[in-house]
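Engineer: Pasting a structure here, questions to come.
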Amino acid sequence: SNGTANKMNGALDHSDQPDPDAIKMFVGQIPRSWSEKELKELFEPYGAVYQINVLRDRSQNPPQSKGCCFVTFYTRKAALEAQNALHNIKTLPGMHHPIQMKPADSEKSNAVEDRKLFIGMVSKKCNENDIRVMFSPFGQIEECRILRGPDGLSRGCAFVTFSTRAMAQNAIKAMHQSQTMEGCSSPIVVKFADTQKDKEQRRLQQQLAQQMQQLNTATWGNLTGLGGLTPQYLALLQQATSSSNLGAFSGIQQMAGMNALQLQNLATLAAAAAAAQTSATSTNANPLSTTSSALGALTSPVAASTPNSTAGAAMNSLTSLGTLQGLAGATVGLNNINALAGT
């Protein structure tokens, strides 16, 4: 072939296909005046180029280069060599920053964590080879590992990494809960292994559950439970309630069995607690008096207008008591609310 660029789609006219493991690379910081032709000359020293596609702004007439492109070499090796030689190293004529070259977003899906499966409820009699035999019908297995205790005995679960995500997905479809293995109380579990992000999320949820219990035991007679909340947690609560979509924090609701309104109330309490934390001093014996100004808005105008008054005075107003109970909902232990009201 004469290797001329086909200007319609940026494909260079080769009939054969790149290697199955070839990577499509995204390249930024290239001159807007450059076409596929100049780029081909830039990339070819690292290996044969299968396709170059300059990203163009179609709203312009004629469409103008956006200063970036996709390039696919025939081999993975060539792509990585080009990246090593160019990324953050070579600056092209007229550009202020060096070339940026990394696998295109569509390629990132080949990260190990996207292809790694967790297999639970596995018979403890199975070894790595048995698991390989079970899962090899779905594609090439890169790694297979049974989780073992310090004694070297199987814990009844394993990790299997396939060479593509599609293989892993097929294995989940076919194998999840498909059989109950010897010595197991429930059917086999096949799912994507937890990523680092999942683990972080779970750790956070456990923290929230603990904090929630702390909050449940907090009473208005003694705000130590509220005072013990970490600023990170208070921020999370406010973040969770300020967004209309509770998203990742729906876990809070489930754990504490709360509805959105109660969660909103909790955030208000949290805000009060945050204010209490900043205004409290170690010498003050009565935590309520230090928070009377912070809680003023929650109780009654009396406390708000006279920050030095004790919250007990504000409590005498039935409306403020109603407000507090409404605020606290089912989530805060108000066992001694009557005692408070009587003070």
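The numbers here are math on the coordinates, done by the rules we state, and not lab data. What you see is a predicted model; the values in this text were computed from it and never measured. Cβ coordinates were reconstructed from backbone atoms using ideal geometry, including for glycine residues, and neighbour counts include every protein chain displayed.
Engineer: Take the Cα atoms of the range 115-170, find their three principal axes, and give me the spread along each one in whole Å, biggest first.
Structural biologist: Reported extents, whole Å, longest axis first: 35, 17, 16.
Engineer: For an R0 of 51 angstrom, estimate the FRET efficiency from the Cβ-Cβ distance between residue 180 and residue 77 and round to the nearest 0.05. Could you put the intermediate results ahead of the total?
Structural biologist: Details: r = 46 Å, r/R0 = 0.89.
Efficiency, rounded to the nearest 0.05: 0.65.
Engineer: If you stretched the chain out fully between residue 194 and residue 140, how much longer would it get, using 0.36 nm times the residue separation minus the C-alpha to C-alpha distance?
Structural biologist: Numbers: separation 54, 0.36 × 54 = 19.44 nm, distance 2.09 nm.
Residue separation times 0.36 nm, minus the Cα-Cα distance, leaves 17.4 nm.
Engineer: If amide H atoms are built 1.01 Å from N in the plane of the peptide, which residues on other chains or at least 5 residues away come under 5 Å of the amide H of residue 147?
Structural biologist: Sorted by chain and number, the residues that satisfy this are 155, 157, 158, 159.
Engineer: Report the calculated FRET efficiency for residue 21 and residue 89 (r = Cβ-Cβ distance, R0 = 35 Å), to the nearest 0.05.
Structural biologist: So the FRET efficiency works out to roughly 0.90.
Engineer: Give me, ordered by chain and number, the residues 5 or more places off residue 189 or on other chains with an amide H under 5 Å from its own placed amide H.
Structural biologist: Under 5 Å from the amide H of residue 189: 120, 121, 177.
Engineer: Let me ask something additional. Just grab the label-to-label distance for residue 57 and residue 118, each label 7 Å out from Cα along the Cβ direction, in nm (one decimal).
Structural biologist: 4.7
Engineer: Still on this structure, I have one more. Quick one: if you stick a label point 7 Å off each Cα along the C-beta vector at residue 132 and residue 213, how many nm between them?
Structural biologist: For residue 132 paired with residue 213, the spin-label model returns 4.4 nm.
Engineer: Check cross-link reach from residue 77 to the aspartates and glutamates: straight Cα distance under 14 Å, and skip same-chain residues fewer than eight apart.
Structural biologist: 19, 21, 44
Engineer: Can you pull the semi-axes for the range 13-152, root of five times each eigenvalue of the Cα gyration tensor, sorted largest first, whole Å?
Structural biologist: Working: eigenvalues 363, 50, 42 Å².
After diagonalising the Cα gyration tensor, the semi-axes are 43, 16, 14 Å.
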